[in-house]
Amino acid sequence: MSAFSRLSRHIQEFVYAQKWPALHSIQEEAIASILGSERHLLISSATASGKTEAAFFPILTLLEKETPNSISVLYVGALKALINDQFERLSALLADTSVSVWKWHADASAAQKAKLLKSPSGILQITPESLEALLLRSPEEIPRLFCGLRFAIIDEVHSFMGTDRGSQLMCQIAKIERWAGAKPRRVGLSATLGDPESAAKWLGMGSDAGVDIVLDDARRQVAILADWHKKTPGSEESAEERYYEALYRQAANSKSIIFTNSRGEAEEATAKLRSLAARKGDPDIFYVHHGSISKALREEAEEAMKHDEKATATAATLTLELGIDIGRLEKIAQIGAPFSESSFIQRIGRSGRREGGPPPRLYFTYLEEVPPQESILGQIPWQLVQMAAIIQLYAEERWIEPAVPKPCPYSLLFQQTVSMLYSLGELSPSSLAREVLTLPPFAGVSKEDYRELLRHLLDTGYISRLDGGGLCLGHKSEAITSHYSFYAVFPEEEEYEAFFEGKSIGRVNRLPVQGGSFMLAGRHWIAEEIDIAQKKVYASIAKGSAAKLWSGTSGELHSRVAQRMKQALTESEMYAYLSESAKERLSSARAYAKAIGICSSVCSEIDSETLVFAPWPGTKQARAWSLALKNSIVREICSIGSIEEENGFAYVINTPLYPDAFMDSLSRAISIIGSPEALLSPKATPYADKYDSLLPERLHVKSYAANMLEF
């Protein structure tokens, strides 16, 4: 039988109504796997290639034949907006069927949630945080809700792999399987997988069923222009004007997304472009979209993007990176270099989505600040070099970062321990260890480490021991589990909500000065009144410049990108996608890099007291090098005075040693230190994950060294 003929009549009629000439190859392969086996399935294909239909067409065919008296399909989405978008698509597909679809997240109505709890059925679309709340608060309902669960679909699977959030999701699926007695088949969907085999291994974690892989790795043609603007002393203002004029020309009169690497950049770009439009007498088509603006303003931007006939430009962070359907997008702009190849490919896929339309168009741009003259490493345009490396890795290899699970997920271990005791009540120490350590992400956790964690939690009041020897929640755990923030495994920011004329405009994570100006939702505001106790700011509209009130961490750069950056500074090829200004800047950077020897040797001499040490590491290696070079043993043996660091790629070191002698001394000092953990002081080790501060010191140091450093 053909794949199409195996689908239900309703699905066949839907395909006819869409006037599709044929099913895509990934859809045919997915139909064969889902209808012809009991294996899990991983589907990796470009954005807008029909992955959602590839999964749901055969699944809905099965549901129409046999609908259990419980939720049949669990669909997990990374973002509420993604769930809302897929909810609309599925509602249209299911319009004439008996299969229901439900969305469950913080913004979904309580009435709909109550209705589902009363009569569970069909497809449940949910975020990991809402699923955690459901498992935590209503464990007795899990058998009734999920006893007939047949499929667990994980959308944008790449965004979960290698993260605590993804490990939390695997814990949740394992709990549902245990408590409901279900054996759902897992289906993972992604547009950006560098290593499908490792992704399949992650998807099948803790399961003895195999994983089929449906892969469409056809390359898409991409039109790229990488532009560059540089401030020079005395011309800072004119350089900024030229920069925003060029960005305006790219974004105006088209439908585009301007991706940035931070909320502050998104806000500043929107404010500048709106100001330019006002000066030119053009309509204001500019929006901003990130996690800190209000739900109403985010939805306003999403709705504007869906109108194909209207020019719209939205500056956004990763909140628009995932697969929300926003129609005929004509262009992607990117301010600065993405931190990962995965993010770059995901952003490319947002445009050129319509079959038969033009290829994706991507415009890179960046405004380089004036570097201090005395800064040796500041003379290199790191963002330009990183931009070129990201593009070249895509063009030459189609390489994407592998997702590596954390070796020591102890912060998540704390959360899941507390969650298990909340859900199941009193457990003996051995029963608790069995329940928790058999969850798939904790397969590598030793019983010794877990005993140490439990003893620490008893000592600190997060667990209590009852007279009979059983363990239950302590008073401190009862306090944290009563707040919704417990459901998420990523660290929470302290935020202040801003209001204008009684309506929320969003949140900032640094408090403005009363009477001072700040930037939010692409506009400038004055903080008229601040309520510190309620964490509220009451604002009025302002003009002129304003502060950007967000702090945050940058992304993780893989060592392969760093090495390709080094190659970009040494090779002679001038990339065709660079603008003339970018070519000129890269050419001068190559000459400068050659002059200081930053690429020709790991260690080179600037003068008799100054060396450049350039290991070109990724972020985890850079953290280790930064700690090592500040270590007292290293500083003494290598006679190190001051250190100038630039993004971890290279260091300017003040030392009387020659390069060879420095490298020999460094090697000797590192061998004395011996391990990453020896670089860390228990009292000074950073908190990288949400519950690190609640771990015993030894486990905190061990987890930071294993998860955050490469030595």
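Any idea of Y658's accessible area? Nearest 10 Å², probe 1.4 Å.
150
Between K630 and E494, what is the FRET efficiency for a Förster distance of 25 Å, r being their Cβ-Cβ separation, to the nearest 0.05?
Plugging the Cβ-Cβ distance into 1/(1 + (r/R0)^6) gives 0.30.
On a C-alpha basis, how far is the centre of segment 683-704 from the centre of segment 1-73 in Å? Whole number, if you could?
Centre-to-centre (Cα) distance: 45 Å.
Under 12 Å from the Cβ of P372, count the other residues' Cβ atoms, weight Lys and Arg +1, Asp and Glu -1, and hand me the total.
Taking every other residue near P372 into account, the sum is -4.
Considering only F339, Q373, L427, whose Cα is most displaced toward the positive end of the charge dipole of segment 290-433, charges sitting on Cβ of Lys, Arg (+1) and Asp, Glu (-1)?
The Cα lying farthest towards the positive end belongs to L427.
Where does the charge balance sit around K118 when Lys and Arg score +1, Asp and Glu -1, over other residues with C-beta under 14 Å from its C-beta?
With Lys, Arg at +1 and Asp, Glu at -1, the net is +2.
Under unit Cβ charges (Lys, Arg +1; Asp, Glu -1), what dipole magnitude, rounded to 20 debye, does segment 148-258 have relative to its Cα centre?
Magnitude of the dipole: close to 480 debye.
If the limit is 25 Å between Cα atoms, which of K51/K175; K175/K406; K113/K295; K51/K201; K331/K583; K80/K280 go over it?
In this structure, K51/K175; K80/K280 exceed 25 Å between Cα atoms.
For Cα pairs less than 8 Å apart in space and 6+ apart in sequence, what is the mean separation divided by the residue count of segment 468-517, i.e. the relative contact order in percent?
With pairs under 8 Å counted, the relative contact order is 21 percent.
Looking at the chain only, what percent of DSSP beta bridges run antiparallel? Nearest 5 please.
For the chain, the DSSP antiparallel bridge percentage is about 40.
Hey, what did segment 148-224 get for relative contact order, percent, Cα under 8 Å, at least 6 apart?
Normalised by residue count, the contact order of segment 148-224 is 34 percent.
State the label only: which of (i) 105, 40, 23; (ii) 41, 35, 27; (iii) 53, 29, 27 corresponds to semi-axes √(5λ) of the Cα gyration tensor in Å computed from the shown model?
(ii)
Rounded if a/c is under 1.5, else prolate if a/b beats b/c, else oblate: with a ≥ b ≥ c from the C-alpha gyration tensor eigenvalues square-rooted, which is segment 249-352?
Taking the square roots of the gyration eigenvalues as a ≥ b ≥ c, segment 249-352 is rounded.
Hey, got the dipole for the chain? About the Cα centre, +1 on K and R Cβ, -1 on D and E Cβ, debye to the nearest 20?
1280
Ignoring ligands, DNA and RNA, what percent of the accessible area of segment 138-276 is carbon or sulfur (1.4 Å)?
Answer for segment 138-276: carbon and sulfur cover 45 percent of the accessible area.
Which value, in debye to the nearest 20, gives the size of the charge dipole of segment 222-301 about its Cα centre, when Lys and Arg are +1 and Asp and Glu are -1 at the Cβ?
Once rounded to the nearest 20, the dipole reads 140 debye.
List the GluC sites (Glu not before Pro) within segment 235-317 that DSSP assigns to loop and that have no more than 14 neighbouring Cβ atoms inside 10 Å.
Counting only loop positions with at most 14 other Cβ atoms within 10 Å, the GluC sites (Glu not before Pro) in segment 235-317 are E309.
Using Cα pairs closer than 8 Å and at least 6 residues apart in sequence, work out the relative contact order for the chain, in percent.
12
Starting from the Cα-Cα distance between K295 and S2, subtract it from 0.36 nm times their residue separation and give me the gain in nm to one decimal.
The K295-S2 span can extend by a further 101.0 nm.
How many angstrom lie between the Cα centre of segment 211-271 and the Cα centre of segment 574-619?
Computed from Cα coordinates, the inter-centre distance equals 24 Å.
Along the charge dipole of the chain, pointing to its positive end and built from +1/-1 on Cβ of Lys, Arg, Asp and Glu, which listed residue (Q563, A17, P359) has its Cα farthest out?
So the residue furthest toward the plus end is A17.
Sum up the charges of everything whose Cβ sits under 12 Å from the Cβ of E141, counting Lys and Arg as +1 and Asp and Glu as -1, but leave E141 out.
+3
The values are calculated or read from the model by the stated rules, or taken from the named source; none is laboratory data. Small disclaimer: the values here were computed from a predicted structure and weren't measured. Here Cβ is always computed from backbone atoms with ideal geometry, including for glycine, and neighbour counts include all displayed protein chains. All accessible areas refer to the heavy atoms of the entire protein, side chains included, with ligands and DNA or RNA removed. Shrake-Rupley method; radii C 1.70, N 1.55, O 1.52, S 1.80 Å.
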